[in-house]
Structure formats: C-alpha cells, structure tokens
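For reference, the structure discussed in these notes is given below.
Values in this text are rule-based calculations from the coordinates and carry no lab data. The structure displayed is predicted, hence computed values, not measured ones. Cβ: placed from backbone, ideal geometry, glycine included. Neighbour counts: every protein chain shown.
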Amino acid sequence: MVIDCKHVWNNISGYLDGTLDPALLQQVQKHLEQCGICSAILDSTRNILILTADERVFELPLGYSDRLHARLEANIRGISPSPIGG
Ligand SMILES: [Zn+2]
C-alpha cells in the first residue's frame, strides 16, 4: 500500500495521538521520512497541538478539528506541494 500526501494529512492527528492502525502508522512514518512537505506539516501541527493543549491533559475544544484543518490548509498552500515520485 502506498499513501499520498493527502492521506497523511487526513491521518496526521491520529498519528500524533497514536491512534492509527499499526499498518497505517508504518506507511505514514515511511512517507514522512521521504516527504519534506509532510514532515514540515507534521512539525507545524505538533506546534499547534502544543499551543492548543496548553497545560491541560489534551482536552480538545469543540471545533478543534475544523481549526486544525484550516491551519493545515493554510500551511499546505504556503508550502506549495510538488508531486513526489518519478
Ligand atoms: Zn507528503
């Protein structure tokens, strides 16, 4: 199974939460190793999560996903992904 950038972005919160299936987790990790765009997004997402989490035990407010997605979209546009492979 080969996953693309969009697939990684869709699963990035699960990746950070550690809730992905082991098989999918492996694919995401593999992709992150070879994709600078996704590792940059992972870094930003992690920073956002740290800011969002504050000092509380990861109680994410309602609408969190929407905001995360908005931030991801902004990041993705800023980074201008180029096709990988080939
Ligand atoms: Zn990627």
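Sorting 32-42, 67-77 by average packing, meaning the other beta carbons within 10 Å per residue, from highest down gives 32-42, 67-77. Extending 7 Å from the Cα toward the beta-carbon at both residue 10 and residue 29 defines two label points whose distance is 2.2 nm.
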